[in-house]
Amino acid sequence: MAEKKDDEKQRKKFTTVSIPTPLFRKVEERIKDTGFTSVSSYVTYVLREIVAEGEKEEEEHPFSEEDEERVKERLRRLGYLE
Amino acid sequence: MINLSLKASEKERIIDQAKELPQIELRSDLVNDVENIANGVFSPLEGFFNNEDLELCLFEKRLSNDFPWTIPIILDISEERSKEIQEDDEIILHNKNGLLAVMKVDEKYKYDKQKLAQYVFGTTETNHPGVARVFTLGDVLIGGRIGLVNETKRQYEQYNLKPIETRILFKEKGWRTVVGFQTRNPPHIGHEYVQKTALTFTDGIFINPVIGKKKIGDFRDDVILASYEELMKHYYLKERAVMSILNFDMRYAGPREAIFHAIVRKNFGCSHIIIGRDHAGVGNYYDPYAAQDIFEEFPDLGIFPIFFKAFFYCKRCGGVANEKTCPHSETDHISFSGSKIRKLICDKKLPPEEIMRPEVAKLIICEENPFVSE
């Protein structure tokens with residue numbers, strides 16, 4: 001188990017972000033008796049959620065018209081499209 | 001969207017130079033991995049793991065770009081073979097029919113199989129099929145970006161859709177929300193119940209059986225596909241259900257594999273995924289709901305899990321129910337026990353209609369041996 005913790009410590013790469021101390025205290029209160037072990041883990045969780053949401057909104061059509069026609073032709077041939 | 005098929009000119013160059021480059025003949029599971037990387041099934045991966053991604057995957061359940069990732073995608077070779085391959089080399093990856101892909105070796109490194117097994121499977125017991133597989137791998141890993149030269153000619157071509165194809169298909173069908181269903185068994189009434197319950201809340205369902213190496217005693221791939229064809233023909237609206245396969249060898253990694261399955265289905269264009277009891281589990285290695293609990297760790301998966309409890313047929317309710325919906329006692333319940341269904345099938349007896357649709361059951365018992373035997 002100790003080895004597992006050492007592995008984790010070694011592999012994690014972190015950088016520092018500053019937040020106001022009163023906010024830090026509020027978050028500390030909020031995460032009491034939750035699965036979050038630190039303010040950092042909570043902030044990481046929330047930021048990942050927000051960033052992923054933003055990425056989803058930014059997603060455009062990832063394929064060209066030419067690709068789309070070629071794919072539709074195959075889907076028709078295989079019976080997926082009429 | 002990831003597409004690592006080489007352009008014609010690059011393909012020509014690789015074919016011309018192939019004989020002079022180091023060659024590796026891949027096992028079928030690695031052939032699947034190469035094509036899944038190249039076709040975007042494993043997006044955002046663009047190649048096999050380097051050491052940093054492997055360690056982050058094991059310890060953090062993420063890639064070096066912070067993307068959630070729980071199952072290592074690694075290319076193993078023997079120590080002896082590794083002496084012929086250097087970092088920065090271009091190497092040729094073969095399937096049994098010939099040239100499959102080219103890989104630029106970014107890193108060659110050793111790894112700890114015990115540690116890999118412990119982190120991914122939560123055990124190093126070789127009775128666990130995923131662990132047993134790890135201990136058969138070569139001792140050296142090579143990581144690097146791949147470029148697909150030739151696609152493998154596959155069985156079940158009509159069910160072999162790439163993410164770009166399923167995404168365009170869903171768009172053409174007008175589905176804004178799609179629920180993915182992972183399966184490695186023919187459908188019983190309980191499966192149909194969860195699929196249709198989830199379909200009530202989404203525009204379409206994507207039934208996605210895993211085709212690949214399985215355990216002895218698992219149902220054969222052709223039996224799984226034929227049984228779903230039969231179910232869909234009689235009991236699903238054609239405009240609401242699509243089936244396509246995932247070429248992948250199950251790892252039986254329980255919770256970690258559930259996350260992996262979710263990422264793959266997101267890549268196919270699903271907005272939701274069904275996660276049932278003991279998803280991707282084997283034996284008693286995982287808590288029955290660990291594969292649901294693990295989703296709490298990932299607020300950024302980009303696909304929503306729909307969780308189902310264990311369910312059963314209740315004679316008094318007259319339908320499928322679960323502990324949240326049925327007030328009756330266990331004596332009124334008929335379970336969807338896999339081993340019970342297998343026993344009936346082995347004895348060439350039709351499972352009752354409360355358990356399995358007769359069309360599906362008849363199709364399975366007509367097979368001399370519907371199970372994987374070696």
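The values are calculated or read from the model by the stated rules, or taken from the named source; none is laboratory data. Computed from a predicted model, the values in this text were never measured in an experiment. Here Cβ is always computed from backbone atoms with ideal geometry, including for glycine, and neighbour counts include all displayed protein chains.
Some observations on this one:
- Failed condition for B:HIS328, given (1) within 30 Å of A:GLU49 (Cα to Cα); (2) touching a strand residue (DSSP E or B) at 6+ places or on another chain (Cβ under 7 Å); (3) assigned to a loop (DSSP other than H, G, I, E, B); (4) free of Cβ contacts under 8 Å to residues at least 60 places away in the same chain: (1)
- Residues of the range B:276-305 classified as β-branched (Val, Ile, Thr) and either over 28 Å from A:VAL46 (Cα atoms) or surrounded by fewer than 18 Cβ atoms within 10 Å (Cβ to Cβ) (or both), total: 1
- With respect to the stated conditions, B:ILE224 fails to be within 14 Å of chain A (Cβ to nearest Cβ) and hydrophobic (A, V, I, L, M, F, W, C).
- Residue match in the range A:9-21 (condition: at pLDDT below 80, more than 18 Å from the chain's Cα centre (by Cα), within 18 Å of B:LEU161 (Cα to Cα) and facing chain B (nearest Cβ under 10 Å)): no
- Residue in the range B:80-99 that is modelled with the highest pLDDT, counting only those that are in a loop (DSSP other than H, G, I, E, B) and in contact with a Ser or Thr (Cβ under 9 Å, 6 or more places away or on another chain): B:LYS96
- Test: residue in the range B:149-162 that is hydrophobic (A, V, I, L, M, F, W, C), under 23 Å from B:GLU239 (Cβ atoms) and buried (at least 22 other Cβ atoms within 10 Å of the Cβ): yes
- Inspection of the range B:111-132 finds no residue satisfying the criterion of being assigned to a strand (DSSP E or B), at negative phi, in contact (Cβ under 8 Å) with a residue 24 or more places away in the chain and in the same structural domain as B:GLU25 (by TED's automatic domain parsing).
- If the condition is being among the hydrophobic types (A, V, I, L, M, F, W, C), within 24 Å of B:HIS234 (Cβ to Cβ) and assigned to a loop (DSSP other than H, G, I, E, B), then the range B:331-374 contributes B:PHE336, B:LEU350, B:ILE355, B:MET356, B:CYS366.
- If you filter the range B:61-81 down to residues that are of a type in the set (Lys, Arg) and within 14 Å of another protein chain (Cβ to nearest Cβ), you find that the one that is surrounded by the most Cβ atoms within 10 Å (Cβ to Cβ) is B:LYS61.
- Selection within the range B:6-50 - hydroxyl-bearing (Ser, Thr, Tyr) and either at pLDDT below 95 or within 18 Å of the chain's Cα centre (by Cα) (or both): B:SER28, B:SER43
- Counting only residues that are aliphatic (A, V, I, L, M) and part of a loop (DSSP other than H, G, I, E, B), the range B:133-153 holds 2 of them.
- Counting only residues that are touching a strand residue (DSSP E or B) at 6+ places or on another chain (Cβ under 7 Å) and in a loop (DSSP other than H, G, I, E, B), the range B:1-40 holds 5 of them.
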